[in-house]
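For reference, the structure is listed below as structure tokens.
The values are calculated or read from the model by the stated rules, or taken from the named source; none is laboratory data. Because the structure is predicted, anything quoted here is derived from the model rather than measured. Cβ: placed from backbone, ideal geometry, glycine included. Neighbour counts: every protein chain shown. Calculation scope for accessible area: heavy atoms of the full protein, side chains included, ligands and nucleic acids excluded. Shrake-Rupley method; radii C 1.70, N 1.55, O 1.52, S 1.80 Å.
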Number of protein chains: 2
Amino acid sequence: MAEALESKSPQSQLRALNAALTDGRFVSVRKMLHELPASDVALILESSPTKTRDELWELIDGDFHGDILEELSEDVRNGIISKMVPEKVVDALEEMDTDDLAETLSSLPEEVLQGILESMDAQDRVRAEQAMSYGEETAGFIMNTDTITLRPDVTVDVVLRYLRLKGDLPENTDTFYVVNRTDNLVGLVPVARLLTADPDDTVSEVMDDDPEAIPVNMPDDEVASLFERYNWLSAPVIDDKQRLVGRITIDDVVDIIREDAEHSMMSMAGLDDEEDTFAPVWQSTQRRSVWLAVNLVTALMAAAVSDLFEDTLSEMAVLAILNTIVPSMGGVAGNQTLTLVIRGMALGHVNGSNARWLVSKELAIGLLNGVIWAALIATVIGLWKQDLMLGVVIAFAMMVNLIAAALSGATLPMIMKRLKIDPALAGSVILTTITDVVGIFAFLGTATLLLT
Amino acid sequence: MAEALESKSPQSQLRALNAALTDGRFVSVRKMLHELPASDVALILESSPTKTRDELWELIDGDFHGDILEELSEDVRNGIISKMVPEKVVDALEEMDTDDLAETLSSLPEEVLQGILESMDAQDRVRAEQAMSYGEETAGFIMNTDTITLRPDVTVDVVLRYLRLKGDLPENTDTFYVVNRTDNLVGLVPVARLLTADPDDTVSEVMDDDPEAIPVNMPDDEVASLFERYNWLSAPVIDDKQRLVGRITIDDVVDIIREDAEHSMMSMAGLDDEEDTFAPVWQSTQRRSVWLAVNLVTALMAAAVSDLFEDTLSEMAVLAILNTIVPSMGGVAGNQTLTLVIRGMALGHVNGSNARWLVSKELAIGLLNGVIWAALIATVIGLWKQDLMLGVVIAFAMMVNLIAAALSGATLPMIMKRLKIDPALAGSVILTTITDVVGIFAFLGTATLLLT
């Protein structure tokens, strides 16, 4: 009878494995690893520090290497492959589907890739080079070539007999493709349709004869959004001469959807999407330092603005105390707008025809926010520091900065997209620079004019 | 022949629609809307300001309402439904699958929902209440009940004849479910298997007899990660008595995967996932103000820490100028760690067995970062302000704060998860509070001790 998946937790498996590994019970570790599905072993490897990861990998039989490599994230996979002898890598790659082969090979560092290609025999090398021949992040790169094609003029009965003879179908086959003599795609037959069709009908009578197909060079994020939009499970891929070259299945697209959605979050924190949580300390430190360097420059710029008002600051220490409030509120409000616009662009909601409307909307919010928070901060500071004029100054600065924040949060992603810069990566740091500089300038500048 | 999808852009359609709407060419707007697939109309509605959205909705024929509502995001859908008369809503809901019905109804405000339920006839009301009977965000909530079940003892030939008689199969049917007399799930038959099987075999001979099934009360994010992990296209759902109650298909799971991945990014900016980019100004202002209020408290706390050092600040204005650098660097470094750990937890990589290892790794990065950026900032400030001792003070504060940032970035998400608080929502604001307070305290405190 059916077995309910009590969300079989790889966590508990990981704990058991770690205990066995620490005790040196390598035989049972080996046994445990071989009994798990490849995707679970991959998750366990990804959840382990590099040292444990290498030890575990050594214990896994070479026959399983290919399946597990397929499931690993880029960083982790590259780390493991770089430590394997090229011949073993070649063995592991032999069983891979074209799309996984293309992804695995093209993410490798150049010198490792060369070593592997040199260890391949001529036939494998041709297959590998063909898999990599389509640009990364295109439909051709993520497609599989294991399509089942039918001719339009044969009967359903003949097809059924052919399939029975053939036995197993490729994984996730939900559609057969109908092609003419020159391999042009002329129709689709869903698998379920063959079951319900009259055996005497010809393929051309039961097929959908107006198939929509993905051009082989379409960017993969557009492919993903078509799958999402039309709830496809698979789609045919054609070259520029309308010839069928492969198919894309939803399981490959799911990875792209997750990666795209994660990309913005990781980029906004200045992280690489593929960053391995368990990478060695030095590697992680290097990767993250770029972002800290950029931020140091930003922080120094803000300090330089404060520096312009050194006299005012030395006269009134209270300004120094309150100097961080206005920039901080601007940063938060601006980041809200920025995040919303970046997501709206990713979902295809924000575009030329409504951009102006959106900017005015965000500006209106900025104004409204400005009034609300200016009134509030004026009250708080007026009461805390018993200084009405100080309250007025900070209120004015708050208003100016929240409007600047809304304006930059809404327009920055649009400007950057036009300049072909990733808004998620650079947007947040530019925005913070603007809100810091405007906030400090407005606060200390007004204070210098009105209070000294 | 196949038609290559030149990523048919809803943007250009939107522009054409807007032009027609402005010119008052309502008949052509209507025609354009009815020629597009429901998902494209949904995208167009989501990309329009509320006023345009309402005008467009008025022009769409009631027959299409259900299909379009299914595709809309929660906020936009609720806005439209709230303005419709309940009877029209009931008509639109009639054609919906159980999972879409459940989602649509349970996200509605209570009073709107009541109005709709009251307008339904008894049969529809039972169906609606049943759809909503499973907890939101569970397998039961996202499943569909349109399964095709087979008996184990009939032959493949009988099944084929039955299917031919039945004609169309439910959308995305890739598996038939085998149940016994008490509706217990005993096996699975992939659709493609029936094509290649011997017609004289019985169903029990061709089925997978060890099916894995999802318990009806499993949280939907666990369902999504199972689909991702095992590359499933669909999965059966069973109740606590092992009875088949429905099936979940990948297209429903894709939405959950995207929403989960987006959730963290939106939460970290203090936004609601479902926030409608084109909502009215006042509604957006209210929603975002909670986060600004929280941040104001944080900023005031930081100011209160600076306030402790008023004398030092009034003595040395240069400290006021540099006071933002250390907190800012701590915030950025801490947010990197926080984002990485939150993503690691979402992917299931971070758990009890490796948490300690991860915290020590991040601490090591914090230390290393501390040394690097302390040295750098000491040099910059030493040269800029020609004050060696000032360089030493800021270097020390930087070191302390980067270590505090690493420690809180790594531990906060784990602590919050244990307390059942969403780390993405509250993590970032708590972290910034910590890095602000520690940074200011370390900088001004050391300065007070060493420089005055």
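Results, tabulated for the structure shown:
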{"quantity": "Rg ratio (alpha-carbon, reference 2.2 N^0.38 Å) - the range A:281-451", "calculated": "1.13"}
{"quantity": "Peptide B:428-440, shielding by other chains (average Cβ, 10 Å cutoff)", "calculated": "1"}
{"quantity": "Per-selection Kirkwood Rh - the protein assembly as shown (Cα, Å, 1 d.p.)", "calculated": "30.3"}
{"quantity": "Rough spin-label spacing in nm, given labels placed 7 Å along Cα→Cβ, for A:Ala19 and A:Ile421", "calculated": "5.4"}
{"quantity": "Binned Cα-Cα distance frequencies in the range A:218-264 - 10 Å width, integer %", "calculated": "25, 53, 19, 3"}
{"quantity": "For the range B:359-402 versus the range B:27-105, the gap between their alpha-carbon centres in whole angstrom", "calculated": "57"}
{"quantity": "The range B:335-348 - phi-based ³J(HN,Hα) in whole Hz, Karplus 6.51/-1.76/1.60, Gly and Pro as x", "calculated": "5, 4, 4, 4, 4, 5, 6, 4, 5, x, 5, 5, 7, x"}
{"quantity": "12 Å Cα-Cα reach of B:Lys241 towards aspartates and glutamates, excluding residues that sit fewer than 8 places from it in its own chain", "calculated": "A:Glu3, B:Asp183"}
{"quantity": "Per-residue average of Cβ from other chains inside 10 Å of B:268-276", "calculated": "4"}
{"quantity": "For A:Val237, residues with placed amide H under 5 Å, excluding near neighbours", "calculated": "A:Ile214, A:Val245, A:Gly246, A:Arg247, A:Ile248"}
{"quantity": "Volume in Å³ per residue [convex hull over Cα atoms, computed for the range B:10-142]", "calculated": "103"}
{"quantity": "In sequence order, calculated HN-Hα J values of the range B:136-141 (Karplus, 6.51, -1.76, 1.60; Hz; x Gly/Pro)", "calculated": "4, 6, 10, 4, x, 6"}
{"quantity": "Within the accessible area of chain A (1.4 Å probe), percent carbon and sulfur", "calculated": "55"}
{"quantity": "Inter-copy label distances at A:Leu450 (7 Å, Cα→Cβ; nm, one decimal)", "calculated": "3.8"}
{"quantity": "Simple Cβ-charge dipole of the range A:149-265, Lys/Arg +1 and Asp/Glu -1, about Cα centre, in debye nearest 20", "calculated": "540"}
{"quantity": "Viscosity 1.567 mPa s, temperature 4 °C, Stokes-Einstein D of chain B from Kirkwood C-alpha radius, µm²/s", "calculated": "48"}
{"quantity": "Which of A:Ile365, B:Ile372 is most accessible, then next, and so on - probe 1.4 Å", "calculated": "B:Ile372, A:Ile365"}
{"quantity": "Exam field: B:Glu129 pseudo-label spacings to other copies (7 Å along Cα-Cβ), nanometres", "calculated": "7.0"}
{"quantity": "Rg/Rh ratio calculated on Cα atoms of the range A:55-210 (Kirkwood radius)", "calculated": "1.09"}
{"quantity": "For the range A:175-221, the spread of Cα positions along each principal axis, largest first, Å", "calculated": "40, 25, 13"}
{"quantity": "Accessible area buried, both sides summed, chains B and A with 1.4 Å probe, Å²", "calculated": "12900"}
{"quantity": "Over the range B:317-399, volume per residue of the alpha carbon convex hull, in Å³", "calculated": "81"}
{"quantity": "Pseudo-label separations to other copies for A:Pro109 - Cα-to-Cβ vector, 7 Å, nm", "calculated": "5.9"}
{"quantity": "Residues of the protein assembly as shown: accessible area per residue with a 1.4 Å probe, Å²", "calculated": "41"}
{"quantity": "Computed Kirkwood radius, in angstrom, where 1/r is averaged over Cα pairs of the range B:71-133", "calculated": "11.5"}
{"quantity": "Residues along the range A:164-190 losing 40 Å² or more of accessible surface when the other protein chains are present rather than the chain by itself (probe 1.4 Å)", "calculated": "A:Arg164, A:Asn172"}
{"quantity": "In range of the label at A:Asp387: residues from the range B:285-308 whose backbone nitrogen is under 18 Å from the point 7 Å along Cα→Cβ", "calculated": "B:300-308"}
{"quantity": "Backbone HN-Hα couplings from phi across the range A:28-34 [Karplus 6.51/-1.76/1.60, Hz, Gly and Pro as x]", "calculated": "6, 4, 3, 5, 4, 4, 6"}
{"quantity": "Scaled radius of gyration (Cα, divided by 2.2 N^0.38 Å) that the range B:149-249 gives", "calculated": "1.09"}
{"quantity": "Exercise: per-residue mean of other protein chain Cβ atoms within 10 Å, A:325-336", "calculated": "6"}
{"quantity": "Most positive-pole-ward Cα, B:Gly391, B:Thr435, B:Leu368, against dipole of chain B from beta carbon charges", "calculated": "B:Gly391"}
{"quantity": "Spin-label zone in the range B:110-136 - amide nitrogen under 14 Å from a point set 7 Å from the Cα of B:Asp146 along the C-beta vector", "calculated": "none"}
{"quantity": "Low-density loop cleavage sites - trypsin sites (Lys or Arg not before Pro) in the range A:109-211, where at most 15 other Cβ are within 10 Å (DSSP)", "calculated": "A:Arg181"}
{"quantity": "Taking all pairs of distinct alpha-carbon atoms in the range A:206-311, Kirkwood radius in angstrom", "calculated": "17.9"}
